[in-house]
């Protein structure tokens, strides 16, 4: 039985169940203390979430994961490659995805179907040492442990190719999409807020010119694909949370922006 090898466990997120529980329980306690209620009646189809260390972006991501419907069978996580440049995207053709909470089942049938259907998708094992996707799976195991998962890491690809895959997947109500991205990197807080606000407005306005408008995001292609699909399928974006690393570090001189968005 093959497993996806973890690359950032113990670094971006805790390597023990108890410590991971401490983080996520804290995030949920903050929600409760601020009277933030999760509306489970929302028929969500996708989320956009950050992928930094949990101490910085975990609250923002954790909120979004609680909006995944209970009956979802497959959760497809799509994120950019930070370490390797390659053509197209790679689908993880392993059996299991390990997390500190236990293993998730990878939907082998759906993963192989994607590789067979799209000539720009393949399986390149070395690119799956990727944190943009890996940090999402502990949330999935915590909140939707019975769902199967698919991991797609992309590099040199057109956003329209990603949107084609996402739109095809969303034809099936059993599928849910997770788009992974952080926003601006290493500007002072004022500049970061300005750039990140451009991203937020572009998502809300279905503006595919998001990049030329000044938005910066490492997962820009995934975000553009989700905007494209949202326009085509009449999905409504709802901003759940926005913050920067300054909220944790108190350093406003060089920050990274984090955003979570619900698509319904």
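Calculated mean residue ellipticity at 222 nm for the chain: -11000 deg cm²/dmol, from DSSP H runs with n ≥ 4 weighted as -39500 (n - 2.57), summed, divided by the residue count and rounded to 500.
Within the listed set 160, 60, 248, the Gaussian network model of the chain (springs between alpha-carbon atoms below 10 Å) gives the highest mean-square fluctuation for 248. Listed by Cβ neighbour count within 10 Å, with the fewest neighbours leading, 168, 39, 182 appear as 39, 168, 182.
GNM on the chain, alpha-carbon springs under 10 angstrom: the most fluctuating residue among 112, 193, 70 is 70.
Labels on offer are (i) 25, 22, 19; (ii) 39, 21, 16; (iii) 29, 20, 16, and the one holding semi-axes √(5λ) of the Cα gyration tensor in Å computed from this structure is (i). Under a Gaussian network description of the chain, with springs only between Cα atoms under 10 Å, the residue in 222, 79, 53 that fluctuates furthest is 53.
A short reminder: the numbers here are calculations on the coordinates, not readings from a lab. Everything quoted here is computed from the prediction, not taken from an experiment. Neighbour counts are summed over all protein chains in view; Cβ atoms, including those assigned to glycine, are modelled from backbone coordinates with ideal geometry.
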